[in-house]
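What follows is a set of notes on a single structure, which appears directly below.
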Amino acid sequence: ITPMSLVISDEMLDSIHMSPEELRKELAVQLFQTGRLTLAQAGALAEMPQLQFQQLLASRGIAVHYGVEDLEADMKTLRSLGRL
């Protein structure tokens, strides 16, 4: 996997009243909620342990939709990250 860098100016962050960490979490939540990222992928993007990310989702009333395909995708992601 080739990493991609995204540069967001301090002025932009100031204008949306978010820190880089908050923006990563918001992006991860949105992409998970729309089904574009699996639970493990979204947790990795948010730079949070999976259980902590699940707690964030629960605090926002977002259900964790998790099926066999999600498990397989998460296993692949975890292997590529060297976590398995």
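With r as the distance between the Cβ atoms of LEU71 and LEU6 and R0 = 25 Å, compute the FRET efficiency 1/(1 + (r/R0)^6) and round to 0.05.
Working: r = 28 Å, r/R0 = 1.13.
Calculated transfer efficiency: 0.30.
Counting 0.36 nm for each residue step from GLN50 to VAL64 and taking away their Cα separation leaves a gain of 3.9 nm.
Quick check: net charge around THR77, other residues with Cβ under 12 Å of its Cβ, Lys/Arg +1 and Asp/Glu -1? Intermediate values should be presented prior to the final figure.
On the way: positive: LYS76, ARG79, ARG83; negative: ASP70, GLU72, ASP74.
So the surrounding residues net to 0.
Rounded to the nearest 20 debye, the dipole magnitude of the chain is 320 debye, with +1 charges on Lys and Arg beta carbons, -1 on Asp and Glu beta carbons, and the Cα centre as origin.
Its relative contact order, with pairs defined as Cα atoms under 8 Å and 6+ residues apart, puts the chain at 23 percent.
Could you look at the chain and say what percent of its accessible area is carbon and sulfur, using a 1.4 Å probe and all protein chains? Can you show the working numbers first?
Numbers: 3400 of 6120 Å².
Taking all protein chains in place, the chain shows 56 percent carbon and sulfur surface.
Accessible surface calculations at 1.4 Å, restricted to protein heavy atoms, place the chain at 73 Å² per residue.
The C-alpha radius of gyration of the chain, expressed as a fraction of 2.2 N^0.38 Å, stands at 1.15. Over the chain, dividing the summed -39,500 (n - 2.57) contributions of all DSSP H runs of at least 4 residues by the number of residues returns a 222 nm mean residue ellipticity of -18000 deg cm²/dmol.
The values are calculated or read from the model by the stated rules, or taken from the named source; none is laboratory data. Quick caveat: nothing in here was measured; it's all calculated off a predicted structure. Don't worry about glycine lacking a Cβ; one is built from the backbone with ideal geometry, like all the others, and counts go over all protein chains shown. To get the accessible areas, we keep the full protein, side chains included, count just its heavy atoms, and leave off ligands, DNA and RNA. Shrake-Rupley method; radii C 1.70, N 1.55, O 1.52, S 1.80 Å.
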